[in-house]
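Below is one structure; the comments refer to it alone.
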Amino acid sequence: MKQIIKQRRIVDDHWTLVAPETEISSLPSGDIIVPLRLWQTHRSTLEQRSGKLGVCLTGDDDLEAIAAEVTRFPVIALSFPVFRDGRVYSFARQLRQQYGYRGEIRAVGEVLRDQLLYMERVGFDAFEVHPRQNIESALAAFDELTVKYQASSDEPRPLYQRY
Amino acid sequence: MYIYNQYDQRAVDERVAQFRDQTRRFLAGELSNDEFMTLRLMNGLYVQLHAPMLRVAIPYGLLSSRQMRMLAHIARKYDKGYGHFTTRQNIQYNWPRIEDAPDILADLASVQMHAIQTSGNCIRNVTSDPLAGAAADEIEDPRPYCEIIRQWSTFHPEFAYLPRKFKIAVTGASHDRAATLVHDIGLRLVRNNSGEVGFQVLVGGGLGRTPILAQTIRPFIEKEHLLSYLEAILRIYNLHGRRDNKYKARIKILVQSLGIERFREKVEAEWHKIKDQMQLDAREIERVKAFFAPLPYAPGAGDDREILVKAGTDAAFNRWLKYNVADHKVKGYRVVFIALKATGTPPGDITDIQMDAVAELADRYSFGLIRATHDQNLVLTDVKHSDLYTLWQALAAQELATPCIGTLADMICCPGSDFCELANASSIDVALMVQQRFEQLDYLYDLGELRLKMSGCMNGCGHHDIGHIGILGVDKKGEHWYQFSLGGFALNEGRLGERLGRSVPKAEVANTLEKLMCVYVDKRVEGERFVDTFNRIGIEPFKERVYETNH
């Protein structure tokens, strides 16, 4: 079973991330995370499945599309096609701070050790670390910078209010 | 100036440790070139033509003498004994080794300095008015707000992977000396109709390939909403800025393509969602302001008679007074520009010995503080009138008293193809040729105020588009050619320079400048600066003269 980092611990993970081009007829069984497009076009089929359902967005998607129903997803995955694509950092913050989303926000795609710390700060709490990274050593990244000047999803107050 | 507390110190110390480990992993082959590039850029480290280049942040251009001594030490220990002040008030070292970068950053951290976010697609070092706190035309000192923005933007987790770099400038004066019109966000402290001080917010300015002047997105925002408004702009940019083409990725392109009204609508909608959660406390503003309280000026200081006598008898001193010394808001004090424009030296370059000397003079004559300017000079902002003669002598002994501020010889230029791998053409040798041609002071002074700005490529680090005369280096089949533009400026209002015509070869740059000057001298009316004459007569007479076939 694959392992991910969840809330700073390495855990076994049972979710299957469904690839973007997958047809509705060829979905795997069990708990799955589907691309937003699949959810939008096959909602009723997906709702009748027995496994749990999460949704995956990329920076090209419009977060507004799931604004009214975020709570129905236990997992929202946000995808990094390359680690430098920073759009979904803003999605994570909007999910936590404007949509009130309390479920899992999972980083998928090119998720590398040196970006984990900022990802966590904006609201990600689960990380499908890229296979070329050593997952154990990646855990150290979260504690590298402890000074948080500005408010974010992890800390509602700026540093000067916390002295 | 701002003094680090335990948190600020911990932030830079932890950053050094983090980067040390990242460098170690890179050298051990655990980090790819591509991954390390992003990390090293956010710590100011470029890999250039000959060697790495390290860009050190000088927040809003303000340095203590102790920090200046450390910059000298770094130049001596890790580099070739000099540094280069940039057009963004920072300093660059051209010859450090990658392996030494963590040690250099540790040395910087020991004097409350860093290279955090001096490059990369993140919020860069905030720039400001180099005369902040000393200028008479100030509505409010912009530096406390610069520092507040520095802290807010440092390690901002949401905005570390923007589509492109992001530059913010703040001015507090009625005359904009911070070039806010050519920044991604420009902030101007202004007073509204009820007398309250807040910010005019400009957005979408920038030079480079597509030079554009910023537009006002909001004529007035209250201080408590400063950070929430910045955050709203950055979020809209992060979400919607183009990522498919790095030449179209700056916020200016987004603002242009949406139009300022639609861009404003998006920002305001986002801002309304967050403004109540992230108000900037008045107490925090006061806390930071206290670091920039007025300096302990000598009470009752006035102008010194002896200095006036010296000025009457010593022509060299008098020239320096006229060109390198400016008024101060406090009676008996002056602002002194230290020109890094000696003939034979690349603009902005300074040796370790000169840095130490400047630190010493700052301690003796200007409260131990030094500023860096966009024009690649330094300033001692708070010098007693009676100290001017001894200060001048000490500066002259270090070749730091070239009396050229605001003249053609005060030209600014980027490092060009001698150091920068982006550049198409050299700029330093051209600057040296220009300096030599216009060395004659009487001629230089007769030409009056003239802002000459040169870049080695269209990325425009030398701000050529806003020079009264701009020179842009271009590559033509491996040869360096230079394209002129005239009439640019960026003050309270601004205009981009107008292209003169086809480019000229390197050997013709100084001649071309001379021809432009001839037209100006012929056509000017009493009291007109070059740019005024240009405004009045247009580009044609200059064109005719430069490209005439009959010499």
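Just so it is clear, none of the values below were taken in a lab; they were calculated from the coordinates. All values derive from a computational prediction rather than experimental measurement. Glycine gets a Cβ as well: all are built from the backbone with ideal geometry, and neighbour counts include every protein chain shown.
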Exercise. On a C-alpha basis, how far is the centre of region B:130-208 from the centre of region A:84-163 in Å? Whole number, if you could?
Key: 28
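Residues with beta-carbon under 12 Å from that of B:LYS329, excluding B:LYS329: net charge, scoring Lys, Arg +1 and Asp, Glu -1?
Details: positive: B:LYS331, B:ARG334; negative: B:ASP137, B:GLU138, B:ASP141, B:ASP327, B:ASP382.
Neighbourhood net charge equals -3.
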Quiz prompt | R0 of 56 Å, Cβ-Cβ distance B:ALA315-B:ARG97: FRET efficiency to nearest 0.05 | solution = 0.75
Quiz item: To the nearest 10 degrees, how steep is helix A:87-97 against the longest Cα principal axis of chain A, on a 0 to 90 scale?
Solution: 80
Practice problem: Sketch the reach of a paramagnetic label on B:ILE3 as a point 7 Å from Cα along Cα-to-Cβ, and name the residues of region B:353-376 whose backbone nitrogen lies under 15 Å away. | Solution: B:368-369
Exercise. Give me the aspartates and glutamates in straight-line cross-link reach of B:LYS477: C-alpha distance below 20 Å, same-chain residues under 8 apart excluded.
Key: B:ASP418, B:GLU421, B:ASP429, B:GLU508
Exercise. State, to one decimal in nm, how far the label point of B:ARG287 lies from the label point of B:LEU258, with both points 7 Å from Cα in the Cβ direction.
Key: 3.2
Self-check item: Calculated from backbone phi, Karplus (6.51, -1.76, 1.60) coupling profile of region B:101-111 in Hz, x at Gly/Pro
Solution: 3, x, 5, 5, 5, 5, 4, 4, 4, 5, 10
Quiz item: What is the mean number of Cβ atoms from other protein chains located within 10 Å of the Cβ atom of each residue in peptide A:140-153, rounded to a whole number?
Solution: 6
Quiz item: Using a basic spin-label model with each label point 7 Å from the Cα along Cα→Cβ, how many nm lie between B:ALA510 and A:ILE10?
Solution: 6.7
Exercise. In whole Hz, with x marking every Gly and Pro, tabulate ³J(HN,Hα) for region B:489-499 from phi via Karplus 6.51 cos²θ - 1.76 cosθ + 1.60, θ = phi - 60°.
Key: 6, 9, 10, 5, 10, x, 8, 8, x, 9, 5
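Residues with beta-carbon under 10 Å from that of B:ALA101, excluding B:ALA101: net charge, scoring Lys, Arg +1 and Asp, Glu -1?
On the way: positive: B:ARG20, B:ARG40, B:ARG97; negative: B:GLU99, B:ASP100, B:ASP103.
In short, 0.
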Quiz item: Bin by bin, in steps of 10 Å, what percent of the Cα pairs in the protein assembly as shown do you find, going until the bin that has the longest distance?
Solution: 3, 14, 23, 25, 18, 10, 5, 2, 0, 0
Quiz prompt | Max mean-square fluctuation residue, GNM over chain A, Cα-Cα springs under 10 Å, options A:HIS14, A:HIS42, A:HIS130 | solution = A:HIS42
Quiz prompt | Cα pair distances exceeding 21 angstrom across region B:51-162, given as percent | solution = 40
Self-check item: Cysteines, chain B, no other Cys beta-carbon under 4.7 Å
Solution: B:CYS122, B:CYS146, B:CYS404, B:CYS413, B:CYS420, B:CYS457, B:CYS518
Self-check item: Cα-based reach from B:LYS310 at 30 Å (exclusive), listing lysines while leaving out same-chain residues under 8 positions away
Solution: B:LYS322, B:LYS329, B:LYS331, B:LYS341, B:LYS384
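Do the sum for the protein assembly as shown: with -39,500 (n - 2.57) for every DSSP H run of n ≥ 4, divided by all residues, what is the mean residue ellipticity at 222 nm, to the nearest 500 deg cm²/dmol?
-10000 deg cm²/dmol
Multiplying the sequence separation of B:ARG502 and B:THR549 by 0.36 nm and subtracting their Cα-Cα distance, what value in nm do you get?
Result for the pair: 15.5 nm of gain on full extension.
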Exercise. Would you list, by chain and number, the lysines whose Cα falls below 29 Å from the Cα of A:LYS148, excluding same-chain residues fewer than 8 positions away?
Key: A:LYS6, B:LYS165, B:LYS167, B:LYS223, B:LYS266, B:LYS273, B:LYS275, B:LYS289
Quiz prompt | Taking the C-alpha atoms of region A:1-81, convex hull volume expressed per residue in Å³ | solution = 114
Practice problem: Please give the peptides A:134-145, B:174-185 ranked by average Cβ packing (other Cβ atoms within 10 Å per residue), highest first, as a rough proxy for protection. | Solution: B:174-185, A:134-145
